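The values are calculated or read from the model by the stated rules, or taken from the named source; none is laboratory data. Worth saying up front: this structure is predicted, and the values here are computed from it rather than measured. Note that each Cβ is placed from the backbone with ideal geometry, even for glycine, and that neighbours are counted across all protein chains shown. These accessible areas exclude ligands, DNA and RNA; they are computed on the full protein's heavy atoms, side chains included. Shrake-Rupley method; radii C 1.70, N 1.55, O 1.52, S 1.80 Å.
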Amino acid sequence: MASQRALSRHALIVIDIQNDFLPGGALAINEGDLILPTVNALLQQDFTAVIASRDWHPEHHISFTAQGGPWPVHCVAGTSGAAFAPGLDQRSLTHIIHKGTRESCDSYSAFFDNEQQASTGLDALLRGFYIEKVTLCGLALDVCVAATARDARSQGFETSIALNACKGIAADETPCLQELSELGIKLITS
Ligand SMILES: [Zn+2]
């Protein structure tokens, strides 16, 4: 029955599949492009809502090295680096969430900023659709996907990460995966 998955009120959240995070980009994740076919296949499945996040920074964002932050300039709002990767199949996206939009605070999670103060609106969006379960995929596994998963879990959503549709930065992902697993986050293969 085609509607069975939809009845379970399940959202897919696709994290930061943007040019700057792919090979050739300003903050490229090694082999980040290799997950695109898997992400696109996941996008074909039946979800109640399909949300994509974009890292979306002002020009002098606090996360950039010139401002004392850890990262090179990346994903400046409206630039080609901040655009979705051309290989991402956007047809089934129902919503786009922007994060890191305030100059004075970074946001790894698609829910809340790193100070856990400002919300992107994702929480209210999911509750508006009576979502119970979320599946996450995208970039980078050990940074923004992990942070989003922690917040999803703490907000009470049944949370899974499709590991084969993610790519991380750390050479060894084991400690991160262990921590997420201990939080009750399911690590799955889509
Ligand atoms: Zn960023």
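List of remarks:
- Count of residues meeting criterion [open to solvent by less than 10 Å² (accessible area, probe 1.4 Å) and either outside any strand (DSSP E or B) or over 17 Å from Asp55 (Cβ atoms) (or both)] in the stretch 11-28: 4
- Matching residues, the stretch 74-94, being of a type outside the set (D, E, K, R), open to solvent by less than 50 Å² (accessible area, probe 1.4 Å) and within 23 Å of Gln45 (Cα to Cα): Phe84, Ala85, Gly87, Leu88, Ser92, Leu93
- Residues of the stretch 48-71 that are more than 10 Å from the ligand (Cβ to nearest atom), surrounded by fewer than 16 Cβ atoms within 10 Å (Cβ to Cβ) and part of a loop (DSSP other than H, G, I, E, B): Pro58, Glu59, His60, Gly68.
- Counting residues in the stretch 115-138 that are under 20 Å from Gln18 (Cβ atoms), at pLDDT 95 or above, under 17 Å from the mean Cα position of the chain (by Cα) and within 12 Å of the ligand (Cβ to nearest atom) gives zero.
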